[in-house]
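The values are calculated or read from the model by the stated rules, or taken from the named source; none is laboratory data. Everything quoted here is computed from the prediction, not taken from an experiment. Note: ideal-geometry Cβ built from the backbone for every residue, glycine included; neighbour counts use all protein chains shown. Accessible surface is based on the protein model in full, side chains and every heavy atom, while ligands, DNA and RNA are left aside. Shrake-Rupley method; radii C 1.70, N 1.55, O 1.52, S 1.80 Å.
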Protein chains: 2
Amino acid sequence: MGTDDEMDRMHSSPTARPRRATSYDVARAAGVAQSTVSRCFKDDAKISAKTRDHILKIASDMGYTGNALARSLITQRSNVVGVIVTAFTIRNNPELIYALGEALQNAGNSLFLMVVENDDAIGASLQKAMEYPLDGLICCAQMPEDWIRQFANRGVPMVFFNRLVDSSLVDCITLDHAGAGRRIAEALYRAGHRSVVCVRGPERAPVSQLRVDAFRDRMAEFGIGSIPTVCTDFSYADGRRRFLDLVGGMKRPDAVFCANDQLALGVIDACRFDLGWRIPEDISIIGFDDIAEAGRPSYALTTVRQPIVDMAETAASLLLARIGDPDLPPRRIMVPGELIERSSARLANGSPPA
Amino acid sequence: MGTDDEMDRMHSSPTARPRRATSYDVARAAGVAQSTVSRCFKDDAKISAKTRDHILKIASDMGYTGNALARSLITQRSNVVGVIVTAFTIRNNPELIYALGEALQNAGNSLFLMVVENDDAIGASLQKAMEYPLDGLICCAQMPEDWIRQFANRGVPMVFFNRLVDSSLVDCITLDHAGAGRRIAEALYRAGHRSVVCVRGPERAPVSQLRVDAFRDRMAEFGIGSIPTVCTDFSYADGRRRFLDLVGGMKRPDAVFCANDQLALGVIDACRFDLGWRIPEDISIIGFDDIAEAGRPSYALTTVRQPIVDMAETAASLLLARIGDPDLPPRRIMVPGELIERSSARLANGSPPA
DNA sequence: ATTTCCTATGCATTCGAATGCACGATATCG
DNA sequence: CGATATCGTGCATTCGAATGCATAGGAAAT
């Protein structure tokens, strides 16, 4: 014979969303108090082995699982970390997402992902991130100062990834984009290249700015002041197209510096398939990032390696450390980019190109 | 002169995590009840314009934001959707994550991302997903039957992506992998290819199985029963290496069917750079997915297009629809794969290869 | 057998927002 | 001017788990 309770449940409307068992349900079934059930799932709790086993058995029979929401509400700790990424980052560095996920999950955290079209469209995501009591935030996009202050006021630790934020309230990890840009300028100049062009990313993309501006500044120091440059959306197709537009009206340049590898691949294909130029005999091409395709023999792209997985792991541990101790001094890590010499550019010391 | 309250805050320990303003704080400051503050943020609430403006002003001054946790607890609706993806999916179809994120975010939902190394390592993520009261789940990995039943029991709508689940409890959307596999077999056979090999994904990867098994079955129907096949981890490097192992001990085959494009790119490079075989004159190569690189002139890979962004959007709307109405009949959508003919395979009717 | 002590358990409160209900104030009508 | 409807607000409860405090019960010590 069922109790009234059971009858109630059986006769409830078929469309009613099934209710999950709560600690009260388990407590009632086990003949103990709710607090005792709660204590079953804490390691340090003082509870007799007998009761614990009894309750655990019943809990598992009923399919009971703690409710993370209720728990977070009372403990003031959600174990959820927000991650903000741009469309570009997802497409260009998918590995980053996976590495962040692994690192955070292994430390017992969950990942609240916010995707944004670009750095300017971050508003709605930040609003969401505010309403959700996140334990921390890893941001791979630019964030306005006042938002940073708001998060800081609420004690939400933040780590910026490839965005150097000028604030003592947050941690940063970034590649040394500028340093690598200079390095490339030096390498090209030393190898005798004098007529150089640049294929940038979007006008306001910080990463592209840093890379290309440093390159141009260093070249200017070498006396090479005029460097034809074109902006793109960072994609293969746009790189190919705009490069063709750029060189359409000029003498063939010696070398091209591209703000990322996708662009460089586009430029390579433009040279090979549209212009009939040989690489690197006719023109040197250098990219940035060292994505998987750059290493393939069809492209063999000379580029700067961005150790994205290492950086992701570092970002995660920076954040976890600060969650553990909010009073840590702000840290800003700058990772050097390694120049990977393949065969898309003549970099060896030699006679200047004809 | 500060009030006592202010003094308290200033003298509190520097390590104390700052407390965010609650609806009670706002209520006190505005001289109203907490319930009135709460009503300010609901559209349908009956509240005078005057009070609303007054409260909203104070709320914004105090930097008040609703607490999504507390709200979800009482409304039984979290507006958070779980997404489970494998490492392979992230690497191979990063676009999927972005498209899902966009679709879900535009509908007012947030994304709870769980990354898993492969289909077998899904357990921990499912545990997390259970504890979190998610409004729904999009799963791009295989899930054991009993877990599916558990989620269903709790009324969590689920959509499987590229995993055909034999359960009336969930929705599915998947490419017609088998159909496309057969299609490729037909195309190759019709073009005269008789000596064919396969480069598969991991032994137990469902997607690889469907594609390759259907291909082999169809070939068998044509009387081509023995098809040398090798398993890989789905990566470029493994594809290249294992293909070389495979063909090392045999006469050059007419054609290769690869379970995905990464593998096909590896095979192409193996032919070109390791074996010196011309494509497609010496050998036809067909891939699967139509990733970005497949379309580039350096590869010009003939492949099956998987419309991943469309599929992601469909998956999101399937889920949102079911969240809105749990009694919808289970739907299983099978998307046809379009054969994209580029120049890595001879498919035109012609004389059989020498 | 009595006291002491400790362990295991229950009780009550808390986290922050949503909401049904009651009630007071104001507007509307006869 | 009084009766009634309407609108706005407050009160109290709820969601589900965690935890400080009180206490019952048993074991150990005397």
Top of B:250, B:130, B:62 by mean-square fluctuation, Gaussian network on chain B, Cα under 10 Å
B:62
For region B:178-305, what relative contact order do you get, as a whole percent, if you take Cα pairs closer than 8 Å and at least 6 residues apart?
23
With every protein chain kept in place and ligands, DNA and RNA left out, what is the accessible area per residue of region B:178-305? Probe 1.4 Å, answer in Å².
36
At 1.4 Å probe size, with the rest of the protein present, what percent of the exposed accessible area of the protein assembly as shown is carbon and sulfur atoms?
51
Would you please give the FRET efficiency between residue B:278 and residue A:341, computed as 1/(1 + (r/R0)^6) with r the Cβ-Cβ distance and R0 = 45 Å, to the nearest 0.05?
0.95
According to the square roots a ≥ b ≥ c of the eigenvalues of the Cα gyration tensor, what is the shape class of the protein assembly as shown, taking rounded for a/c under 1.5, prolate for a/b larger than b/c otherwise, and oblate for the remainder?
oblate
Within region B:250-354, which trypsin sites (Lys or Arg not before Pro) sit in a loop by DSSP and count at most 16 neighbouring Cβ atoms inside 10 Å?
B:251, B:278, B:331
If R0 is 41 Å, what FRET efficiency do you get for residue B:317 and residue A:203 from their C-beta distance, rounded to 0.05?
0.75
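Please work out whether region B:178-305 counts as rounded, prolate or oblate from its C-alpha gyration tensor, where a ≥ b ≥ c are the square roots of the eigenvalues and a/c under 1.5 means rounded, while otherwise a/b larger than b/c means prolate and anything else oblate?
It comes out rounded by the Cα gyration axes.
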Taking only Cα atoms and a 10 Å spring cutoff, compute GNM fluctuations for chain A and point out the largest among A:155, A:192, A:66.
A:66
Pairs beyond 31 Å (Cα-Cα), from A:46/A:128; A:42/B:42; A:57/B:42; A:128/B:46:
A:46/A:128; A:42/B:42; A:57/B:42
Between residue B:348 and residue B:229, the two model label points (7 Å from Cα along the beta-carbon direction) sit apart by a distance in nm of 3.2
Length-normalised contact order of chain A, Cα under 8 Å, at least 6 apart, in percent, tallies to 15
For a Förster distance of 35 Å, can you work out the FRET efficiency between the beta-carbons of residue A:169 and residue B:34, rounded to the nearest 0.05?
0.70
With the solvent-accessible surface defined on protein heavy atoms using a 1.4 Å probe, which residues belonging to region B:152-169 display a reduction of at least 20 Å² in accessible area in the multichain context relative to the isolated chain?
B:153, B:154, B:155
Candidates B:210, B:134, B:319; GNM for chain B (alpha-carbon contacts under 10 Å) flags as most fluctuating B:210
Result for interface chain A to chain B, accessible surface buried in total, 1.4 Å probe, Å² to 100, stands at 5600
